[in-house]
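Since the structure comes first, as structure tokens, the remarks are kept for the end.
The values are calculated or read from the model by the stated rules, or taken from the named source; none is laboratory data. All of these numbers come straight from a predicted model, not from anything done at the bench. Cβ coordinates were reconstructed from backbone atoms using ideal geometry, including for glycine residues, and neighbour counts include every protein chain displayed. All accessible areas refer to the heavy atoms of the entire protein, side chains included, with ligands and DNA or RNA removed. Shrake-Rupley method; radii C 1.70, N 1.55, O 1.52, S 1.80 Å.
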Amino acid sequence: MNRKYRKTVIAANWKMNKDADETKACAEEIKSLVGRVRWCDIVVCVPSVDIAAAVKAFRDCRISVGAQNVFYEPSGAYTGEVSVPMLKSLGVKYVIVGHSERRKYFGETDEDVSKKVRAVLEGGMSPIVCVGEELAQRQAGVEQEIVAAQVKLALQGVEPANLRRVIIAYEPIWAIGTGLTATPEEANRMGEHIRTVIRKMYGARVARSVTIQYGGSMNENNAAELLAQPDVDGGLIGGASLDAKKFAAIVEAANQ
Ligand code: PGA
């Protein structure tokens with residue numbers, strides 16, 4: 001983290017877990033544990049159908065609600081999709097874009113990701129843009145090229161003034177839901193690399209202001225060490241975020 005230049009953001013990604021009642025219960029517990037925290041921004045990304053329940057539960061506290069996906073067209077004949085204006089009207093502030101599970105199971109391409117990033121920014125919300133390499137790519141030593149290409153494509157056409165609302169989440173695919181975590185040094189090295197890519201596109205001042213999270217089996221035991229790295233400005237947390245106490249412990253670990 002480097003709070004002098006950028007925000008620390010701890011985000012939960014509940015994925016396809018919790019119905020409306022479970023959302024209400026877990027959100028209320030998170031609110032009671034960390035609802036007044038000031039050292040970082042807290043976001044809870046819930047399934048679309050639980051957004052209304054989450055927004056209601058987090059009323060009157062500092063925790064924001066995020067969505068896990070969005071479609072880039074504002075309205076029209078796109079059965080089953082949800083648009084930026086719809087999310088906005090519910091009070092959503094952040095949207096995860098390009099999660100590796102969406103790329104893998106739903107065929108999302110870098111072009112889709114870039115359209116979604118621009119749509120989210122135009123709608124006044126913050127995209128949490130996910131990038132990361134597969135295990136074979138890391139073993140082949142090409143992880144930096146892979147991630148650089150994903151970052152460049154995702155940010156295509158994004159105005160410099162909007163960059164401060166963009167969050168990049170570095171999530172090595174081999175670490176997601178596997179219990180394998182990048183070491184703090186590996187996470188930091190990639191954070192630094194992503195910042196270099198952004199610096200080449202937008203200059204040093206903009207690059208310094210971008211929050212770069214780490215995601216992939218972050219939990220209450222390894223969070224403090226990961227977050228102590230200068231280029232790890234927060235976390236995107238799946239499994240451990242389903243338990244309010246574990247998620248709150250990660251938020252506490254960001255108080256350093
Ligand atoms: P995980 O998921 O914490 O369960 O590894 C992270 C993510 O996919 O965002």
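Each residue in the range 173-188 was checked for being without any contact (Cβ under 8 Å) to a residue 60 or more places away in the chain and surrounded by fewer than 17 Cβ atoms within 10 Å (Cβ to Cβ), and 5 of them qualify. Sub-7 Å Cβ pairs linking a first residue in the range 231-242 that is open to solvent by 10 Å² or more (accessible area, probe 1.4 Å) to a second residue that is within 6 Å of the ligand (Cβ to nearest atom), at least 6 apart or interchain, are 238/13; 238/176; 238/177; 239/177; 240/218, ordered by first then second residue.
Out of the helices (runs of 4 or more DSSP H) lying entirely within the range 160-256, which hold 1 or more residues that are within 18 Å of the chain's Cα centre (by Cα) and within 16 Å of the ligand (Cβ to nearest atom)?
Result: 184-202, 223-227, 244-253.
Of the residues 169, 187, 154, 224, only one is out of contact with any Leu (no Cβ under 9 Å at 6 or more places or on another chain) and within 24 Å of residue 104 (Cα to Cα); which?
154
Scanning the range 207-230 for residues that are of a type in the set (Ser, Thr, Tyr), touching a residue at least 60 places away in the same chain (Cβ under 8 Å) and within 18 Å of residue 184 (Cβ to Cβ) gives a single hit, 211. Here residue 119 clears all of (1) within 21 Å of residue 170 (Cβ to Cβ); (2) touching a helix residue (DSSP H, G or I) at 6+ places or on another chain (Cβ under 7 Å) except the condition numbered (1). When restricted to residues that are assigned to a helix (DSSP H, G or I), open to solvent by 70 Å² or more (accessible area, probe 1.4 Å) and within 16 Å of the ligand (Cβ to nearest atom), the range 91-137 contains 3. Restricting 207, 253 to those that are within 17 Å of residue 4 (Cβ to Cβ) and either aliphatic (A, V, I, L, M) or crowded, with 20+ Cβ neighbours inside 10 Å (or both) reduces the list to 207.
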